[in-house]
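What follows is a short report on a single structure.
The values are calculated or read from the model by the stated rules, or taken from the named source; none is laboratory data. Only a predicted model underlies this, so the values are computations on that prediction, with no experimental measurement involved. Note that each Cβ is placed from the backbone with ideal geometry, even for glycine, and that neighbours are counted across all protein chains shown.
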Amino acid sequence: MTLPALAALACPNCGQALDQADRRLSCPEGHSFDLAKQGYAPLLAPGSNATTGDTADQVAAREDFLSSGVYDPLIDAVAAAARTDAPGVVVEPGCGTGHYLAAALADGREGIGLDTSKYALRRCAKRETGPRRAPGTQGGLAAVLADAWNRMPVRAGAAAAVLNVFAPRNADEIARILHPEGVLVVLTPRQDHLRELVDALDLLSVDPEKSQRTADQLGSVFEAEPADEIGYAVELGHEQVRLLVGMGPSARHHDGAALDAAVAALPETVRVTVAATVTRWRAKR
Ligand SMILES: C[S@@+](CC[C@H](N)C(=O)[O-])C[C@H]1O[C@@H](n2cnc3c(N)ncnc32)[C@H](O)[C@@H]1O
Ligand SMILES: [Zn+2]
C-alpha cells in the first residue's frame, strides 16, 4: 500500500522527494528508509534527538483518555480551525496518538503525524478512522518518526494546515512547510485548565507566561487571528483521573504509589475544569 501523503514527505537527509517501492521509501540521492512493521516511516534527520518521546504508559493512557470523549470539544475546535481552502496536507508535529490529526482530515485531506515516540506512532499509524471524522470524508495519514525540533521531513509549502497541540513548536520549520495561504492551529491550555486536579494532586500547573511565550515564539513569523476560548467542566471518576494524569507531563514527575493514594482519597467523582485557547496563525506577508 502506498503511504498516504507520500508526495508531501521529504527525505530527511537531502530534502528531496520520496518514492515508494514495497515497504521502502527512497530519494533520488539514494537515501532509503524501510517502513517499520507497525506502519510508521522512520525519517529522523541527522542530529535528531529521538529520546524525547512519550513512554508506552503515557501513550496508553492518552489513547484511552482521548477515546473516552472528554476532550472531544477540544478535538472538534482544532479540527474546525484547521479547515482552509489552501491546498495540501495537514501536519501535526508531536501528534501523539493522532486523535486531533485524524479529526482534522475532512474533505479527503491526507495527514502527516510526526513524533519521536514509537509507542505513539504505532497508535497513530492505525488511526485510519478518527472518532470525530465523518464517514467517507477522510484521507489517510502517515505516521512519521521525526524530531520536531530538527528539520522536518516535509516538503516546503506542502501543508495546508499545521496543528500544534500540547507539543513542540518550531516556528521556523512550521513556516517553511506551511503553504502561503495555510493556517497554523495552536491549542494552548489556560491558567485554570484542570485546576481542581492541579490543586488536589499537586500536578505541574500551567505556566502563567504560557500565552506570552507562545506569542513570543510565533510572533516574528506569524500573526494571530482572534482566539477561540473553550471552557467547560466535566465530572471524572478515579480511572479517568488516573488516565489524565498518566498521559500528561506530571506522569514523569510523580511517584506512582503516591499518586494512586492521592487519587483514592478524592471524592468518587471530581468536577474538573477544561480551559484552552485555539488560535489560528497565518504567515506574515
Ligand atoms: C503532550 S503530548 C501531545 C500529543 C497530541 N498532540 C495530543 O494532544 O494528544 C506531546 C507529544 O509530543 C511528542 N514529542 C516530544 N518531543 C518531540 C520532538 N522533539 N519531536 C516530535 N515529537 C515530540 C511526544 O512523544 C508526545 O507524543
Ligand atoms: Zn535523500
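Report, by residue number, each residue of segment 99-112 that is touching a residue at least 60 places away in the same chain (Cβ under 8 Å) and either of a type in the set (Phe, Trp, Tyr) or not in a loop (DSSP other than H, G, I, E, B) (or both).
Residues satisfying the conditions are 100, 101, 111, 112.
For segment 234-285: of the residues being modelled with pLDDT under 90 and basic (Lys, Arg), which is farthest from the chain's Cα centre (by Cα)?
Ranking the candidates gives 285 first.
Just a yes or no: is a residue in segment 20-42 in contact (Cβ under 8 Å) with a residue 40 or more places away in the chain and within 15 Å of ligand 2 (Cβ to nearest atom)?
Within segment 20-42 (the criterion being in contact (Cβ under 8 Å) with a residue 40 or more places away in the chain and within 15 Å of ligand 2 (Cβ to nearest atom)), the answer is yes, since at least one residue qualifies.
Among the listed residues 199, 172, 228, identify the single one that is free of Cβ contacts under 8 Å to residues at least 40 places away in the same chain, of a type in the set (Asp, Glu), surrounded by fewer than 17 Cβ atoms within 10 Å (Cβ to Cβ) and away from ligand 2 (no atom under 16 Å from the Cβ).
199
What number goes with the only condition from (1) within 17 Å of the chain's Cα centre (by Cα); (2) of a type in the set (A, V, I, L, M); (3) within 16 Å of ligand 2 (Cβ to nearest atom) that residue 66 does not pass?
Residue 66 satisfies all of (1) within 17 Å of the chain's Cα centre (by Cα); (2) of a type in the set (A, V, I, L, M); (3) within 16 Å of ligand 2 (Cβ to nearest atom) except (3).
Can you tell me which residue among 173, 235, 239 is of a type in the set (Asp, Glu), more than 28 Å from residue 91 (Cα to Cα) and assigned to a helix (DSSP H, G or I)?
The unique qualifying residue is 239.
Being out of contact with any strand residue (DSSP E or B) (no Cβ under 6 Å at 6 or more places or on another chain) and at pLDDT 95 or above: is that true of residue 209 here?
no
Exactly one condition in (1) under 23 Å from residue 228 (Cα atoms); (2) modelled with pLDDT of 90 or more is false for residue 132; which is it?
Only one criterion in (1) under 23 Å from residue 228 (Cα atoms); (2) modelled with pLDDT of 90 or more is unmet by residue 132, namely (2).
Given segment 1-98, what strands (runs of 3 or more DSSP E) lie entirely inside it while holding 2 or more residues that are buried (at least 21 other Cβ atoms within 10 Å of the Cβ) and within 12 Å of ligand 1 (Cβ to nearest atom)?
Where strands (runs of 3 or more DSSP E) fall fully within segment 1-98 and carry at least 2 residues being buried (at least 21 other Cβ atoms within 10 Å of the Cβ) and within 12 Å of ligand 1 (Cβ to nearest atom), they are 89-93.
Is it the case that residue 280 is surrounded by 18 or more Cβ atoms within 10 Å (Cβ to Cβ), away from ligand 2 (no atom under 16 Å from the Cβ) and assigned to a strand (DSSP E or B)? First the steps, then the outcome.
Working: surrounded by 18 or more Cβ atoms within 10 Å (Cβ to Cβ): yes; away from ligand 2 (no atom under 16 Å from the Cβ): yes; assigned to a strand (DSSP E or B): yes.
In short, yes.
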